[in-house]
Every structure is written in C-alpha cells, then in structure tokens.
Amino acid sequence: MPQRRIIVDYGAEDLDDFAIYRATPVTTASHVAFAAEDRTAGVWTQYSDRYYAAFVNDLHGNNVEAVWHAPAPIGDAPRRSEVP
C-alpha cells in the first residue's frame, strides 16, 4: 500500500468526510462540488440560467467547484459559456 500524507481534511473529528492526500498514483479527472451561500463568479449558461459557480482546476484535470442555484435568473451576472 502506498504511503499517504493528509494535506486537507474536513468533517467531524476523526472522520475524514472530505480529505485530500498526497500519494501515488496521482488522481486525475475528479470533480468535487460544494454548495455556496450565494452568487459566485458567474452564471454557466450551458447548465442553466440559474447555475452560478466558480471552479479551480489543477494540472491533473481535477477540479473543485463552488455552486449556487439561484431561485431566479440574475440579469447583471457575468455569463460563462465556455467549459470550466
């Protein structure tokens, strides 16, 4: 079994509900999303006119997303039509 070193963890004490480890092999193409409290970076129109999200991508194709589903479209929101 490869050695793992925990980098970030989130959850109740002694429970790694969400954790990032440094280990091999490297994970690729994973996606993790968290709920945001309100409007984030922009509306992603390819999903919905009420889908507001911000993404962080790494060099291995993994990404983390903060997402908020608006109750109604917001007219002045930045539009994001490209793929995150």
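None of the figures in this text is laboratory data; all of them are computed from the coordinates on show. Since this is a predicted model, take the numbers as computed values, not measurements. Note that we place each Cβ from the backbone using ideal geometry, even for glycine, and neighbour counts take in every protein chain shown.
Couple of notes before you dig in:
- Mean Cα-pair separation over length for the chain, i.e. relative contact order, pairs under 8 Å, 6 or more apart, %: 25 percent
- Net dipole in debye of the chain [+1 Lys, Arg Cβ; -1 Asp, Glu Cβ; about Cα centre; nearest 20]: 340 debye
- Amide H to amide H distances under 5 Å link Gly42 with Ala53, where only residues 5 or more positions off or on other chains count and H is placed in the peptide plane.
- Under Karplus coefficients 6.51, -1.76 and 1.60, residue-wise ³J(HN,Hα) of the range 50-56 in Hz, glycine/proline x: 10, 9, 9, 7, 10, 10, 10
- Each pair of Cα atoms in the chain enters the Kirkwood radius, and Stokes-Einstein at 37 °C and 0.692 mPa s then converts it into a translational diffusion coefficient of 223 µm²/s.
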